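Q: Dumping the structure here so I can ask a few things about it.
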Amino acid sequence: MSKEQHLLKSYNLNGLELPNRVVMAPMTRSRANNPENAPIEGLHDVYYTQRASAGLIITEGSQISKEAVGYVNTPGIYSKEQIQGWKMVNKKVHEANGRMFIQLWHVGRMSHPDFHNGDLPLSASAINPESQSYTYEGFKDTVTPKEMSIEDIKRTVQDFKNAAKNAMDADFDGIEIHSSNGYLFHQFFNGTSNKRNDEYGGSIENRAKILFETIDAIKEVMPENKIGLRLNPSLHGIFGMTMDEETIPTFDYIIKKLNDYDLAYLHLSEPFNDISEVPYAVTEIAKRYRPMYNGTLMINAGFDQESGNKVIEEGNADLVAYGKPYISNPDLVERFAENIALSDWDTDTFYVPGAKGYIDYEAKARKQEA
Ligand SMILES: Cc1cc2nc3c(=O)[nH]c(=O)nc-3n(C[C@H](O)[C@H](O)[C@H](O)COP(=O)(O)O)c2cc1C
């Protein structure tokens, strides 16, 4: 490992000073198993505070409304109890000198009627993702969603705006719009999931419209430089998504247009699976989009210490987001600094309630220092 680690250099995130470039990626952990789906004292605060040395923490996806949900026990950011819960978490994280953005989430069709009193989940078009939804009764096949009316779209944009306002009330340092991984916005972007023939479908501009309307609405309640956004252009064959010849041109359009805004960052994912044989897919996302985007570029998926330092050194990203390594290495930054081997994560406890596999991973580096 070269002496100088780019990951450990400070970074000015459009006004927010980060002590390093190691970001904790958003990860659903399904611990909000209370009727309010609010963060729990002694659990969520401990989990995030343990990871406060990250340059930036991005929380787990948090539903912006009741109808935005698609997984069991995920926290929300639409009710008073949820705002209070997150406020408590932020207080602890800030006391530990951490910084935290909340990921605002609407799953769209990646849900099940069980979450909506029997009503259909919403999406761009009435097309079943042919996937599975993990409900309170276990895995169930997804259904054909309801195509959103213009009223549904306008209400959802408002729900994002309210959630952003709530995030500010809960003392978050910023928000990340979850427009990635096959969820609602992504369902609008891709021609295979969006067959609308109104102003939200058809052309590339129309399919991206809901996203820009959402950013514009959110800008009314919080500073633009605290808004981040996540995209996964080459997602194919998972989360119900299928690429076509217009997928990459759509992301090119979105990313170029994001230059008109003064956002905190653009968070991109390298392909989640092997898409080398997939027509129309792009294999190197950071390399393609770095020249197209003028602001801060955060990159994710599959990075380790070496490749994380390298991607920054090569100038293809400013920040690197780590997902699974952060589950089992709360002191990831210190481990990188001291070149300490990483601990393995336990997939069995990714999404189960309680402390096990959540707040019981050891901070080895700090322990050694003590
Ligand atoms: C348990 C788990 C939960 C996840 N939940 C989310 C989520 O809520 N929002 C999101 O954008 N990505 C989510 N992801 C994806 C991660 O943010 C990240 O993209 C992925 O783990 C790849 O990065 P890694 O190789 O560093 O783990 C999740 C991943 C895992 C493993």
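Values quoted throughout were computed directly from the atomic coordinates according to the rules given, and no laboratory measurement underlies them. Quick caveat, the model's predicted, so the values are computed rather than measured. Positions of Cβ are generated from backbone atoms using ideal geometry, with glycine treated the same way; all protein chains shown enter the neighbour counts.
Q: Place +1 on the Cβ of every Lys and Arg and -1 on the Cβ of every Asp and Glu in segment 6-349, take the dipole about the Cα centre, and give the residue among TYR47, GLN132, LEU235 whose Cα lies farthest towards its positive end.
A: Selected residue: TYR47.
Q: Using the alpha carbon gyration tensor of segment 298-367, what are the three equivalent-ellipsoid semi-axes (square root of 5 times each eigenvalue), largest first, in whole Å?
A: After diagonalising the Cα gyration tensor, the semi-axes are 24, 15, 8 Å.
Q: Straight-line reach from LYS9: which lysines have Cα under 25 Å away, leaving out those fewer than 8 places along the same chain?
A: Result set, ordered by chain and number: LYS92, LYS226, LYS287, LYS310, LYS324, LYS364, LYS367.
Q: With a ≥ b ≥ c the root eigenvalues of the C-alpha gyration tensor of segment 78-230, is it rounded (a/c under 1.5), prolate (a/b larger than b/c) or oblate?
A: Oblate is the answer for segment 78-230, as a/c is 1.5 or above yet b/c matches or exceeds a/b.
Q: I would also like to ask the following. Evaluate the distance, in nm, between pseudo-label points positioned 7 Å from the Cα of GLN158 and of ASP114 along their respective Cα→Cβ axes.
A: Placing both labels 7 Å beyond Cα along the Cβ direction yields 3.1 nm.
Q: From the cross-link list LYS165/LYS219; LYS66/LYS154; LYS87/LYS356, which pairs have alpha carbons spaced over 18 Å apart?
A: In this structure, LYS87/LYS356 exceed 18 Å between Cα atoms.
Q: Say each of GLU224 and LYS9 gets a label point 7 Å from the Cα, pointing the same way as Cα to Cβ; how far apart are those two points in nm?
A: 2.7
Q: Then there is this: Any idea how far apart TYR280 and ALA355 come out in nm if each label point goes 7 Å out from Cα toward Cβ?
A: Taking the simple label geometry, TYR280 and ALA355 are separated by 5.0 nm.
Q: Run the helix sum for the chain: -39,500 (n - 2.57) per DSSP H stretch of 4+ residues, divided by residue count, reported at 222 nm to the nearest 500 deg cm²/dmol.
A: So the helix-based figure for the chain works out to -8500 deg cm²/dmol.
Q: Which percentage, to the nearest 5, of the DSSP beta bridges contained in the chain is antiparallel?
A: Counting DSSP beta bridges with both partners in the chain, the antiparallel share is about 20 percent.
Q: Quick one: compute the contact order of the chain, relative version, from alpha carbon pairs under 8 angstrom and 6+ residues apart, as a percent.
A: 17
Q: Distance from a point 7 Å along Cα→Cβ of LYS146 to each backbone N in segment 103-134: keep the residues under 18 Å and list them by number.
A: Only 106-129 pass the distance filter.
Q: Where a Cα-Cα gap under 14 Å defines reach, which aspartates and glutamates qualify for LYS80, not counting those fewer than 8 residues away within the same chain?
A: GLU36, ASP169, ASP171
Q: For segment 38-148, what is the Kirkwood hydrodynamic radius in Å, using each pair of distinct C-alpha atoms?
A: Over segment 38-148, the inverse of the mean reciprocal pair distance is 15.1 Å.
Q: Right, here's the next one. Of all GluC sites (Glu not before Pro) in segment 65-133, which ones are in loop regions per DSSP and have a Cβ with at most 16 other Cβ atoms within 10 Å?
A: When the GluC sites (Glu not before Pro) of segment 65-133 are filtered for loop state and at most 16 Cβ neighbours within 10 Å, GLU130 remain.
Q: Sticking with this structure for a sec: List the pair-distance distribution P(r) of segment 6-349, using every Cα-Cα distance, as the percent of pairs falling in each 10 Å bin from 0 up to the bin containing the longest distance, rounded to whole percents.
A: Whole-percent P(r) values from 0 Å outward: 6, 27, 37, 25, 5, 0.
Q: What whole number of Å gives the distance from the Cα centroid of segment 339-365 to the Cα centroid of segment 29-50?
A: So the separation of the two Cα centres works out to 15 Å.
Q: Could you pull out the chymotrypsin sites (Phe, Trp or Tyr not before Pro) across segment 98-173 that fall in loop regions by DSSP (anything but H, G, I, E, B) with no more than 15 other Cβ atoms inside 10 Å?
A: Passing both the DSSP loop test and the Cβ count: TYR136.
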